[in-house]
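**Q** Once you've had a glance at the structure underneath, I'll fire off some questions.
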Amino acid sequence: MRAMSVVDAPTPRAPFVALSTLWLVLTGTLCNLRCTHCLNTSGPDAPWLPPLDGAVARRAIAEAAALGVREIYFTGGEPFLHREILPLLETSLAIAATTVLTNGTVLTDATADALAALARASRYSLEIRVSLDAPDAETNDRVRGAGTWRRAVRAIRALDARGLLPIVTATEIDGAPDAYDRFRALLSGLGIARPRVKILPVFPVGRAAGDSAARLSDADLEGFDRTALQCADTRAVAAGGVYACPILAGLPGARLSDGDLTAARRPAALYHAACLTCHRTGATCRNA
Amino acid sequence: MPERVSEYRRIAVLGGVYANAEALAAVLADARRRNAEAVFCLGDLGGFGPDPAGVLPLLRAHDVRVVRGNYDDAIATGATDCNCGYTDPRDNHYARLSYAYTVAHTPAADRAWLATLPAQRRVQLGSHRILMCHGSPRRINEFLWESTTPDGLLRRLLADYSADVLLCTHTGLKWHRALDDGIAHAVNVGAVGRPENDGTPRVWYALLGAEPDVRVQFVPVTYDHESVARAIEAEGLPREFAETLRSGWWTTCLENLPAKERARGRF
Ligand SMILES: [Fe+2]
């Protein structure tokens, strides 16, 4: 039972400033892994959020370009399970810098070669973010599944060997204060000359959802610049609609339109426990 | 009433002084030799280098028109840190050191002056409407890197802010893009206080002319970087900063660099 006062408090909103960042939840929640903290409960079973149709993704990219988008991100699920990912990346890289978030475990050498060719052909940067949850295999595999560390590290090396400079993206799940330095040490140890690390908090949503009823209130946001929140300049396109941000993509409370980005340029409700994390940590799902 | 703007045919535009007064002096002398009618600075006067107090007298002596940068904003408002937004603890450590140094060596009068600087300036270059800002016209600390700034975004910013030419800095790396057959332009003028991660110690600024079409020329400038590197060491600032001035390779604060820009550097 939630306290009535929490339920009754008006939900604060973030203004919409401009469409700066477009996320495509390419594979929905379809993934070969089943990580314990996955923020949209992705996995190999029938996905609760279906993959995006290629035509829908192309339409979103074109609409975002017309709206002056700055960067495009592909996520899932595991985006490399989408059969159209390479042509879609080509479409995206023709108009903006593009990032793929991957678990790195299904990335073949042929795909890495294709990515390197796409990166060379575009004037915009192609970024590949490979997820790990700990610099050591044992801790990582407890979160991400047996054998995932070895396969992700193999992908990191394959990408680096082709000049793609992957960004290792980790969560603060192991709680170590020196996580950043330990990941950098891992990469340096692999002989990577330009180690790139991004650390994200664990969001209380999906498999890591807690039972806290705490939500953001207008009082929490007094004196805070709400235009600094991601949902002020970000939208996520998933099967069935446009959502306020990639964390909440697919959830009815974050749905802003039925697929039209222009119509989704309106204030987003800061209704979820994850909004509290976003506000408190100042985290961004973007690369920087 | 329409805003009154000055009109020029040839201007010099620089950014990112980063408390490197030696480099700034060399750039200003070069711009004068090349007959720039006016010199503009797009902000970030402090940070990194050893001589915050040496910058403002030079800007005054050369009548440089200045736009406020995010670093200037932080110093002017007495912010607790530079708001550089690094997540790498090593970068944060270096940022804190150089911010504390800049605060301690910026005269109070300079700080008050920083607070008066405009966030944007507009001038007319021949028939072209020029808009100057620090990061982007919509956000003082937005990074407009060459490889993450789409044509579509530039067209939108130029339309939203009623300009033909957008000038910015903040990233430390120069680039120029002509749009729509040269009707519109975007120029990141780079930085004069730090080399551009290309393995040489030279620094860069931009000359813009109306001939009558817009002409953009990036000018490399060499200066006594060794004396500045020694001053950095003597002041107890990070040795990595001195190394950057000598080698031309960025050694710190690399985490914001997009893949293409990062791949061109050594680290
Ligand atoms: Fe800046």
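The values are calculated or read from the model by the stated rules, or taken from the named source; none is laboratory data. Predicted model, so just to flag it, every value in this text is computed and none were measured. With ideal geometry, Cβ positions are generated from the backbone for all residues, glycine too; neighbour counts draw on all protein chains shown.
**Q** Assuming residue A:21 fulfils every condition listed in (1) buried (at least 22 other Cβ atoms within 10 Å of the Cβ); (2) over 21 Å from residue A:248 (Cα atoms) apart from one, which condition is it?
**A** Evaluating residue A:21 over (1) buried (at least 22 other Cβ atoms within 10 Å of the Cβ); (2) over 21 Å from residue A:248 (Cα atoms) leaves (2) as the failure.
**Q** Which members of segment A:251-273 meet the condition of being surrounded by fewer than 23 Cβ atoms within 10 Å (Cβ to Cβ) and over 21 Å from residue A:66 (Cα atoms)?
**A** Initially, segment A:251-273 is screened for residues surrounded by fewer than 23 Cβ atoms within 10 Å (Cβ to Cβ), giving A:251-253, A:255-267, A:269, A:271, A:273.
A:251, A:252, A:253, A:255, A:269, A:271, A:273 - these are the residues of segment A:251-273 that are surrounded by fewer than 23 Cβ atoms within 10 Å (Cβ to Cβ) and over 21 Å from residue A:66 (Cα atoms).
**Q** Could you please find all residues in segment A:39-67 being of a type in the set (A, V, I, L, M, F, W, C), surrounded by fewer than 18 Cβ atoms within 10 Å (Cβ to Cβ) and not in a loop (DSSP other than H, G, I, E, B)?
**A** Correct list: A:55, A:56, A:62, A:66.
**Q** Any residue at all in segment B:79-93 that's modelled with pLDDT under 95, more than 14 Å from chain A (Cβ to nearest Cβ) and out of contact with any strand residue (DSSP E or B) (no Cβ under 7 Å at 6 or more places or on another chain)?
**A** Yes: one or more hits.
**Q** May I pose another question? Having 3 or more residues that are within 14 Å of chain B (Cβ to nearest Cβ) and not small (Gly, Ala, Ser) is the bar; report the strands (runs of 3 or more DSSP E) wholly within segment A:190-265 that clear it.
**A** A:197-200
**Q** If you go through segment B:251-258 one residue at a time, do you hit one that is surrounded by 15 or more Cβ atoms within 10 Å (Cβ to Cβ), away from chain A (no Cβ under 14 Å) and within 22 Å of residue B:24 (Cα to Cα)? If you could, list the steps in order and put the result at the bottom.
**A** From segment B:251-258, those surrounded by 15 or more Cβ atoms within 10 Å (Cβ to Cβ) are B:251-258; that's our starting set.
Okay, now just the ones that are also away from chain A (no Cβ under 14 Å), so none.
Checked segment B:251-258: no residue is surrounded by 15 or more Cβ atoms within 10 Å (Cβ to Cβ), away from chain A (no Cβ under 14 Å) and within 22 Å of residue B:24 (Cα to Cα).
**Q** Looking only at segment B:70-88, filter to residues that are at negative phi and away from the ligand (no atom under 15 Å from the Cβ); which one of those is surrounded by the fewest Cβ atoms within 10 Å (Cβ to Cβ)?
**A** Ranking the candidates gives B:80 first.
**Q** Among the residues of segment B:122-145, what is the count of those that are under 19 Å from the mean Cα position of the chain (by Cα) and away from the ligand (no atom under 16 Å from the Cβ)?
**A** Of the residues in that region, 4 qualify.
**Q** Does residue B:99 count as within 13 Å of the ligand (Cβ to nearest atom) and over 20 Å from residue B:13 (Cα atoms)?
**A** Spelling it out, residue B:99 is indeed within 13 Å of the ligand (Cβ to nearest atom) and over 20 Å from residue B:13 (Cα atoms).
**Q** Given the condition over 30 Å from residue A:22 (Cα atoms) and more than 12 Å from chain A (Cβ to nearest Cβ), answer yes or no: does some residue in segment B:128-144 qualify? Give the steps one after another, and end with the answer.
**A** Within segment B:128-144, the first condition is being over 30 Å from residue A:22 (Cα atoms), and the residues that meet it are B:128-129.
Those left that are additionally more than 12 Å from chain A (Cβ to nearest Cβ): B:128-129.
Yes.
**Q** Inside segment B:157-177, can you point out the residues that are within 16 Å of the ligand (Cβ to nearest atom) and either modelled with pLDDT under 95 or touching a Ser or Thr at 6+ places or on another chain (Cβ under 7 Å) (or both)?
**A** B:168
**Q** Here's another thing I want to ask about it. Hey, does segment B:65-75 have a residue that's farther than 21 Å from residue B:233 by Cβ, in a strand (DSSP E or B), touching a Lys or Arg at 6+ places or on another chain (Cβ under 9 Å) and away from every other protein chain (no Cβ under 14 Å)? Don't jump to the end; show me each part of the working.
**A** As a first pass, look at segment B:65-75 and keep what is farther than 21 Å from residue B:233 by Cβ: B:65-75.
Filter once more, so that each one left must be in a strand (DSSP E or B): B:65-66.
Among the residues that remain, those that are also touching a Lys or Arg at 6+ places or on another chain (Cβ under 9 Å) are: B:65-66.
Filter again for away from every other protein chain (no Cβ under 14 Å), leaving B:65-66.
Yes; the residues of segment B:65-75 include at least one that is farther than 21 Å from residue B:233 by Cβ, in a strand (DSSP E or B), touching a Lys or Arg at 6+ places or on another chain (Cβ under 9 Å) and away from every other protein chain (no Cβ under 14 Å).
**Q** Taking residue A:26 as meeting all but one of (1) without any contact (Cβ under 8 Å) to a residue 24 or more places away in the chain; (2) crowded, with 23+ Cβ neighbours inside 10 Å, write down the number of the exception.
**A** The single condition residue A:26 does not satisfy is (1).
**Q** Output the number of the condition that residue B:209 fails; it satisfies all remaining conditions of (1) more than 14 Å from chain A (Cβ to nearest Cβ); (2) touching a helix residue (DSSP H, G or I) at 6+ places or on another chain (Cβ under 9 Å).
**A** Of everything listed in (1) more than 14 Å from chain A (Cβ to nearest Cβ); (2) touching a helix residue (DSSP H, G or I) at 6+ places or on another chain (Cβ under 9 Å), residue B:209 misses just condition (2).
**Q** Oh, and also: Just to be sure before I move on: is residue B:234 within 14 Å of chain A (Cβ to nearest Cβ), more than 20 Å from residue B:14 (Cβ to Cβ) and surrounded by fewer than 17 Cβ atoms within 10 Å (Cβ to Cβ) in the structure I sent?
**A** no
**Q** Would you tally the residues in segment A:163-189 being buried (at least 18 other Cβ atoms within 10 Å of the Cβ), within 14 Å of another protein chain (Cβ to nearest Cβ) and under 20 Å from the mean Cα position of the chain (by Cα)?
**A** Result for segment A:163-189: 11.
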